[in-house]
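Following: one structure in structure tokens, then a few remarks.
Only the coordinates and a few stated rules stand behind these numbers; no lab work does. Small disclaimer: the values here were computed from a predicted structure and weren't measured. Methodologically, a virtual Cβ is constructed for each residue, glycine included, from the backbone with ideal geometry; neighbour enumeration extends over all protein chains shown.
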Amino acid sequence: MVSLQEPNVIFSGETCPACGKPTLSQIYIVHVDKITGDETFLFTTSCSTCYFKKASILPLMAGKESGATRNVLHVEELADLDSKIYRAPSATVEVPELGMKVEPSGAGEIFVTNVEGMLSRFKERLEFILKTHQAELSAMKRAGETLDEIDSCLTGKKSFHVILEDPEGFSYILPTRKSSLEKTSITTGETTGKGSDETNS
């Protein structure tokens, strides 16, 4: 059996990506399995003007703390690339050594992947930008250097950090090595502010 809790509002009055009106809102409902006790978040983002709607699901890690959280994963071994990342729409994920960050937005998406998959995603987006956009020579050179750095990270030649911050506390990292992860509770003011749900380099 599954128990559904009351909806909780994450935000309202954000700009809708479909119609551009400030009528986008997001709520979440917690599904609780009465037999196993497992919990799952169901996120729904919708616009009251154009009726844009998107739903996504995120499993809740057993024993997870509530409130704003910061997870810092120290990637120093190839095994660390298999660490799982559960990123909710409210979270910011960053690899400072690569100058890359994905920030929350009204239409932000959930992704569940491992570190290797996240780096591959960064690499694909950067390669796409290089192929389809004109840029100054210095920017093109920097992009090429970043691609080389990503390859070094993927092959274990370069150590780096993955920082996952979530003011709502939905997101988390499951490390392959427990000693590689630092978890702290933070105040909302300490977290990264809202931005665009894009990869920056």
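A few notes on this one:
- Backbone amide hydrogens, once placed in the peptide plane, bring Ile186 within less than 5 Å of Ala68, Thr69, Arg70, excluding anything fewer than 5 places away on its chain.
- Cβ-to-Cβ counts within 10 Å put Thr45, Thr40 in ascending order as Thr40, Thr45, the fewest first.
- 27 Å Cα-Cα threshold exceeded, pairs from Lys54/Lys158; Lys141/Lys178; Lys54/Lys141; Lys157/Lys183; Lys53/Lys131: Lys54/Lys158; Lys141/Lys178; Lys54/Lys141; Lys53/Lys131
- Amide H contacts of Phe160 (H built 1.01 Å from N, in plane; Pro and chain starts excluded): Val75 sit under 5 Å, all sequence-distant by 5 or more or on other chains.
- By the count of neighbouring beta-carbon atoms within 10 Å, fewest first, Lys141, Lys21 end up ordered Lys141, Lys21.
- Rounded to the nearest 0.05, the FRET efficiency derived from the C-beta distance between Lys84 and Glu127 at R0 = 30 Å is 0.75.
- The listed peptides 146-157, 167-178, 113-124, ordered by packing as a protection proxy, come out as 167-178, 113-124, 146-157 (highest mean of other Cβ atoms within 10 Å first).
- Counting beta carbons within 10 Å around each of Val162, Val72, Val9 and listing the fewest first gives the order Val9, Val72, Val162.
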